[in-house]
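Heads up: the structure comes next, in structure tokens.
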Amino acid sequence: MKTINLSTVFLLFSLFFANPGVAEDDVTAGARVYNENCSRCHNARPVQEFHADEWSVIVPHMREKAHLSGTEAKQLEAFIAVTLTADKVSQVADEQTEDIDGPALVQKFACAACHKMNGTGGALGPSLDDVVQRMGREDVIKKILEPTFNNPSSSMPRFPLSEAEAAAITDTFK
Ligand code: HEC
Ligand code: HEC
């Protein structure tokens, strides 16, 4: 119990710290903006390939190229900010999955912005409907925690998730 609360606190802290005042919905919308726009001209670039200060130069530049509105650019920034905090939070280890709400995490980190789930969703990544059968549970958990483990140029972002949270997410795909 203690560890779960701790990871929740870390998560909320990092979200707040990364972008005070940015609503969770902006992160979801930002992932969608990314899925829809950022692989149109070149392969989608992994968020963690660049530092926050580099992104603050890249986003306005690509905003112009992709013709994003001010709102879309702000959502994109919120999405990038959350994935850039992944390092700090994914070090929190907890073993108990019972109290973790997998579907809520799937929603929160906008998996469906880039992946088809139950037949609908983005097309940047493969469908997740049969992913556990294809990859096996352990590799899906590994992929969520470290998207580059089987693909060094993966454009799948890292999220601030603990191992137990990644497991809870994986178990929603069965
Ligand atoms: C209309 C075409 C177009 C779209 C849409 C587009 N880009 Fe680009 N992007 C480019 C071109 C051209 C370059 C390389 C030349 C340049 O920097 O202008 C580039 C370069 C980049 C780079 C490399 C910068 C560097 O310094 O190495 C990143 C990162 C990037 N884009 C991210 C994005 C993101 C994120 C999005 C979605 C918001 C996006 N791009 C949408 C055309 C596009
Ligand atoms: C910004 C887009 C984006 C978001 C958001 C995203 N992914 Fe991905 N994901 C990708 C891309 C692109 C790939 C394929 C490239 C690769 O293998 O890394 C991928 C691959 C995967 C794979 C491997 C699938 C296979 O068949 O090889 C899994 C599992 C996965 N993602 C799970 C998730 C989960 C769970 C979430 C939400 C927590 C998520 N992804 C959010 C872009 C995204």
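Condition first: at pLDDT below 90 and under 15 Å from Ala113 (Cα atoms). Can you find one or more residues in the range 1-13 that meet it?
From the range 1-13, those at pLDDT below 90 are 1-13; that's our starting set.
Subset that is under 15 Å from Ala113 (Cα atoms): none.
Within the range 1-13 (the criterion being at pLDDT below 90 and under 15 Å from Ala113 (Cα atoms)), the answer is no, since none of the residues qualifies.
Taking the range 112-124 as the region of interest, how many residues are farther than 15 Å from Val33 by Cβ and within 6 Å of ligand 2 (Cβ to nearest atom)? Working first, answer last.
If we filter the range 112-124 for residues that are farther than 15 Å from Val33 by Cβ, which is where we start, we get 115-120.
Subset that is within 6 Å of ligand 2 (Cβ to nearest atom): 115.
The total comes to 1.
Just to verify a result, which residue in the range 85-105, among those that are of a type in the set (D, E, K, R) and either modelled with pLDDT of 90 or more or loosely packed, with under 15 Cβ neighbours inside 10 Å (or both), is nearest to Trp55 (Cα to Cα)?
Narrowing the range 85-105 to residues of a type in the set (D, E, K, R): 87-88, 94-95, 98-99, 101.
Next, from what is left, pick out any that are either modelled with pLDDT of 90 or more or loosely packed, with under 15 Cβ neighbours inside 10 Å (or both): 87, 95, 98-99, 101.
Working: Asp87: 17, Glu95: 34, Glu98: 37, Asp99: 35, Asp101: 31 Å.
Going through the qualifying residues, I end up with Asp87.
Would you be able to tell me the number of residues in the range 116-174 that are within 16 Å of ligand 1 (Cβ to nearest atom) and either farther than 18 Å from Thr83 by Cβ or in contact with a strand residue (DSSP E or B) (Cβ under 7 Å, 6 or more places away or on another chain) (or both)?
Number satisfying all stated conditions: 1.
Starting from the range 122-140, keep only residues that are free of Cβ contacts under 8 Å to residues at least 24 places away in the same chain and of a type outside the set (Phe, Trp, Tyr), then list their pairs with residues that are part of a helix (DSSP H, G or I) and surrounded by 13 or more Cβ atoms within 10 Å (Cβ to Cβ) whose Cβ atoms are within a distance under 8 Å, requiring at least 6 positions of separation or different chains.
Short answer, once both residue conditions are applied: Met135/Lys143.
Does Lys108 meet the test of being farther than 18 Å from Val47 by Cα, of a type outside the set (S, T, N, Q) and either near ligand 2 (Cβ under 10 Å from one of its atoms) or touching a residue at least 24 places away in the same chain (Cβ under 8 Å) (or both)?
On the way: farther than 18 Å from Val47 by Cα: no; of a type outside the set (S, T, N, Q): yes; either near ligand 2 (Cβ under 10 Å from one of its atoms) or touching a residue at least 24 places away in the same chain (Cβ under 8 Å) (or both): yes.
Taking the combined requirement at face value, the residue does not satisfy it.
Among all residue pairs at least 6 apart or on different chains, which show Cβ distances below 6 Å where the first residue, located in the range 149-167, is touching a residue at least 40 places away in the same chain (Cβ under 8 Å) and the second is surrounded by 20 or more Cβ atoms within 10 Å (Cβ to Cβ) and of a type in the set (Phe, Trp, Tyr)?
Final answer for the pair search is Phe159/Phe109.
For the range 135-148, how many residues are modelled with pLDDT under 95 and either crowded, with 20+ Cβ neighbours inside 10 Å or within 9 Å of ligand 2 (Cβ to nearest atom) (or both)?
2
Just to confirm my filter: which helices (runs of 4 or more DSSP H) fall fully inside the range 106-171 and include at least 2 residues that are farther than 25 Å from Ala52 by Cα and of a type outside the set (S, T, N, Q)? Full working, then the answer.
On the way: elements: 111-114, 131-135, 137-145, 163-170.
Fully inside the range 106-171 and qualifying: 131-135, 137-145, 163-170.
Could you tell me whether Ser56 is of a type in the set (S, T, N, Q), modelled with pLDDT under 90 and more than 14 Å from Arg32 (Cβ to Cβ)?
Values: of a type in the set (S, T, N, Q): yes; modelled with pLDDT under 90: no; more than 14 Å from Arg32 (Cβ to Cβ): yes.
In short, no.
Just to be sure I understand, how many residues within the range 110-131 are surrounded by fewer than 17 Cβ atoms within 10 Å (Cβ to Cβ) and β-branched (Val, Ile, Thr)?
Quick first cut of the range 110-131, residues surrounded by fewer than 17 Cβ atoms within 10 Å (Cβ to Cβ) only: 116-120, 123, 126-127, 129-130.
If we keep only those that are β-branched (Val, Ile, Thr) as well, we get 120.
So the count comes out to 1.
In the range 29-66, how many residues are charged (D, E, K, R), within 14 Å of ligand 2 (Cβ to nearest atom) and free of Cβ contacts under 8 Å to residues at least 60 places away in the same chain? First the steps, then the outcome.
Filtering the range 29-66 for residues charged (D, E, K, R) gives 32, 36, 40, 45, 49, 53-54, 63-65.
Then keep just the ones that are within 14 Å of ligand 2 (Cβ to nearest atom); that gives 32, 36, 40, 45, 49.
Filter once more, keeping what is free of Cβ contacts under 8 Å to residues at least 60 places away in the same chain: 40, 49.
The total comes to 2.
The values are calculated or read from the model by the stated rules, or taken from the named source; none is laboratory data. Small disclaimer: the values here were computed from a predicted structure and weren't measured. Glycine also receives a Cβ, built like all others from the backbone with ideal geometry; neighbour counts cover every protein chain displayed.
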